[in-house]
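The values are calculated or read from the model by the stated rules, or taken from the named source; none is laboratory data. Keep in mind it's a predicted model, so treat the numbers as computed, not measured. Neighbour counts are summed over all protein chains in view; Cβ atoms, including those assigned to glycine, are modelled from backbone coordinates with ideal geometry.
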Amino acid sequence: MVRFYGKTGGKLDDKGRVVFPAVFRDAMTRSGESDTTLIIKKSVHGNCLDLYTLDEWVKRSDKVMETLDTELNPEHAAFWSKFNDEVYQVVPDGKLGRINIPEVLLKATGLTKEVVFAGVGYKIEIWDRERREASLISESDFKKTAAGLSEKKQ
């Protein structure tokens with residue numbers, strides 16, 4: 001099972017392609033998932049893209065599906081359709097390791113040139129460089145949340 005940590009920058013070309021960072025390709029190689037298909041979609045929570053290995057996406061989407069009754073509950077069916085709307089498969093090309101980000105996702109997130117790949121464990125977030133910095137919680141809120149999590153353990 002691959003885990004992604006750290007952050008690194010990248011540049012989109014005019015065709016929506018970006019080199020998939022070597023640090024994350026290396027993590028996939030070490031975990032035996034170097035030739036895997038990746039899943040890319042707009043984040044539910046932020047104005048960024050989420051990038052998963054196919055196995056991780058199946059695991060996560062199955063977990064969501066288990067909470068739904070899409071056959072009998074129209075709200076659940078509508079949610080599931082939206083959840084899976086504009087989910088794309090991408091495979092880094094063999095030559096440069098580039099991935100092609102669909103134009104609809106670039107427009108939905110405002111990605112233009114400078115991007116940040118941020119590893120958050122089970123997935124990679126792809127952000128506009130300036131938006132990423134603005135999206136992070138403050139140091140004081142981070143400490144407050146950390147303390148609150150610590151209290152729950154006791």
Quiz item: What is the residue count in the stretch 79-102 for residues that are out of contact with any Ser or Thr (no Cβ under 9 Å at 6 or more places or on another chain), in a helix (DSSP H, G or I) and at pLDDT 95 or above?
Solution: 0
Quiz item: Do the conditions hold for Asp93, that is, is it surrounded by 15 or more Cβ atoms within 10 Å (Cβ to Cβ) and of a type outside the set (A, V, I, L, M)?
Solution: no
Quiz item: Out of all the residues in the stretch 8-28, is one or more hydroxyl-bearing (Ser, Thr, Tyr), surrounded by 12 or more Cβ atoms within 10 Å (Cβ to Cβ), within 17 Å of Leu105 (Cβ to Cβ) and in contact (Cβ under 8 Å) with a residue 60 or more places away in the chain?
Solution: no
Quiz prompt | Residue that is modelled with the lowest pLDDT, among those in the stretch 8-27 that are under 18 Å from Val120 (Cα atoms) and touching a Pro at 6+ places or on another chain (Cβ under 9 Å) | solution = Arg25
Quiz prompt | Close pairs from the stretch 70-86: first over 22 Å from Lys42 (Cα atoms), partner in a helix (DSSP H, G or I) and among the aromatic types (Phe, Trp, Tyr), Cβ under 7 Å, at least 6 apart | solution = none
Self-check item: Residue check, Glu133 out of contact with any His (no Cβ under 7 Å at 6 or more places or on another chain), loosely packed, with under 15 Cβ neighbours inside 10 Å and within 22 Å of Asn47 (Cα to Cα)
Solution: yes
Quiz item: Taking the stretch 32-70 as the search range and keeping residues that are of a type in the set (D, E, K, R), at pLDDT 95 or above and in a loop (DSSP other than H, G, I, E, B), which one is surrounded by the fewest Cβ atoms within 10 Å (Cβ to Cβ)?
Solution: Glu66
Quiz item: Residues Val44, Val64: which one is closer than 23 Å to Leu105 by Cβ and out of contact with any Asp or Glu (no Cβ under 9 Å at 6 or more places or on another chain)?
Solution: Val64
Self-check item: Residue count, the stretch 111-136 (criterion: part of a loop (DSSP other than H, G, I, E, B) and over 15 Å from the mean Cα position of the chain (by Cα))
Solution: 3
